[in-house]
Structure formats: structure tokens, C-alpha cells
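Have a look at the structure below before the remarks.
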Amino acid sequence: MIAFSVQIEPHVVLDVTPEATLQEIRDAYRRQAKKHHPDTGGTDWAFRIVSQAYEVLSTARLELASRRVTESEMRSRSPRTAPTAAQNEPEGATNPSVDPKRRVGVEKLWVRYESEPLWLIQDPMRDEHSLSCSLNFKWPDPSCERVPVETAELERILNQLAGVFEAMCGKTTVDTSRIRINDDSFTGWLSYSSGEKAAAAYQLLQGMLTNEGFAVQKWDRDLLIPHTWL
């Protein structure tokens with residue numbers, strides 16, 4: 001869980017219990033954001049705290065739901081139904097001519113309630129039925145074997161990816177965002193309120209990465225979350 005720069009409990013900020021569902025967290029955020037937004041008489045500092053509390057709680061809840069779905073899939077999967085290598089292959093086969101050091105993996109993860117009809121989820125006027133749709137991009141590409149990268153090139157790659165992440169936050173309607181840069185890896189998480197917005201954001205992300213000299217490997221994943229898990 002992301003730590004606050006000051007000791008503030010996110011559940012207290014949004015006035016929700018630790019067992020609050022994602023929808024309850026969202027509703028609480030809307031109430032607090034309306035109250036503390038500078039345009040409605042609040043302060044910038046208070047609004048930032050509210051927004052950070054929402055990011056921490058919503059991300060933690062989605063990650064928990066994602067782990068539960070993955071564990072459920074692994075328990076129910078049999079050798080007969082195991083996906084083939086072709087089904088596991090990301091969109092766009094790896095091009096041997098592309099420098100393996102310049103490959104970025106992008107997962108488009110759509111999280112929605114299991115009981116919602118697909119036609120309703122895809123209706124752009126009904127964004128509230130989609131819990132979230134996120135773009136998670138990672139370097140090195142997790143689908144490829146790691147190759148050594150010299151220090152100077154490593155620093156340049158990490159700076160390029162950080163610049164792309166910042167540009168995406170400024171040019172798209174991101175609900176939440178997170179970035180993690182380690183000594184030799186990069187992870188960026190951009191969350192949107194609908195599959196339609198995430199699809200448009202992916203086109204922009206792909207173009208930015210390509211312009212920076214990266215090759216993109218993309219996966220699509222649809223997580224169906226039972227209401228009882230949230």
C-alpha cells in the first residue's frame with residue numbers, strides 16, 4: 001500500500017470502514033471531493049489528501065480482487081482447458097529484429113462485475129458499470145528473457161518511460177495512476193473509468209512508446225468480479 005507523506009489513515013479520510021466495497025469507496029470519494037475541492041470552497045491541500053486516500057484504497061481493493069480471480073482461475077483450470085501457447089501469446093508476435101532491450105509489455109486490464117451483461121458494459125453512456133480499465137506497462141517486457149543493459153542506456157530508458165508516463169497523465173482522463181521505478185525496471189499503472197477510454201489511451205501510449213524507439217507487446221485481460229468479493 002502506498003504510504004502517505006504524513007500519517008493519515010485513508011479510511012478515516014474517506015469515512016469508510018476497512019471492509020468497504022469499491023463502490024462504497026467511490027461514493028465516499030465523490031462526497032469528500034465535492035466538499036473539499038477548491039472550486040467549491042475547499043482547499044488544495046485537503047483535496048489532495050482525499051484524492052490520495054481514494055487512490056490507495058481503490059487500488060488495494062482492485063489488486064485484492066485481481067488476486068482472488070487469478071487464484072480461482074488457477075484452481076479451476078484443468079490440463080484439458082489450459083490455454084495453448086498461441087492463446088498465451090501477446091498481441092503482435094515478437095519481432096526478432098527488434099532490440100530486446102527496447103521491448104515494453106502493456107496489459108490492458110478491464111475489471112467489471114460478473115453479473116453485468118456485456119452489451120451494457122460496452123455502452124459508452126454507462127461507464128459506471130465498469131469498475132475500471134487500466135493500462136499496465138512494464139519494462140523489461142515480462143514476456144521476454146532479460147538481457148544485460150549498460151548503465152548509461154538503462155538510465156536513458158527509465159527516463160524515457162517516466163516521461164511517457166507523465167505525458168499520459170497529462171493528456172488522458174486518468175482516474176488513478178501509479179509509477180514504480182527500481183534500479184533496473186519500470187512499472188506504470190494508468191486506470192480509466194471505461195474500456196472505451198482505456199482503448200483510446202492505449203493508442204496514444206503505443207504511439208508515444210514507438211516514437212521513443214520502443215516495441216510494444218500488448219495483452220488484453222477481462223476480469224469478472226463477483227459482487228460478493230467487493
Query raised in the report: Long-range amide H contacts for PHE186: which residues qualify at under 5 Å (H placed 1.01 Å from N, peptide plane, sequence gap of 5 or more or a different chain)?
Result: TRP139
Requested in this report: Evaluate the distance, in nm, between pseudo-label points positioned 7 Å from the Cα of ASP222 and of SER143 along their respective Cα→Cβ axes.
Outcome: 1.9
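Output the peptides 171-179, 146-154 sorted from most to least packed, where packing is the average of other Cβ atoms within 10 Å over each peptide's residues.
Working: 171-179: 15.7, 146-154: 11.2.
Going by the mean number of other Cβ atoms within 10 Å, highest first, we get 171-179, 146-154.
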Query raised in the report: Label-point separation (nm) for ARG178 and ARG48, each offset 7 Å from Cα along Cα-to-Cβ?
Result: 2.1
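Ordered by packing density, taken as the mean number of other Cβ atoms within 10 Å over each peptide's residues, highest first, how do 36-46, 15-25 rank? Show your work: numbers first, answer last.
Numbers: 36-46: 12.3, 15-25: 14.5.
Order by mean packing, descending: 15-25, 36-46.
Just so you know, all these numbers are worked out from the coordinates, no wet-lab data involved. From a predicted model like this one, the values you see are computed outputs, not experimental measurements. Because the Cβ atoms are built from the backbone with ideal geometry, glycine has one as well, and the counts that use them run over all protein chains shown.
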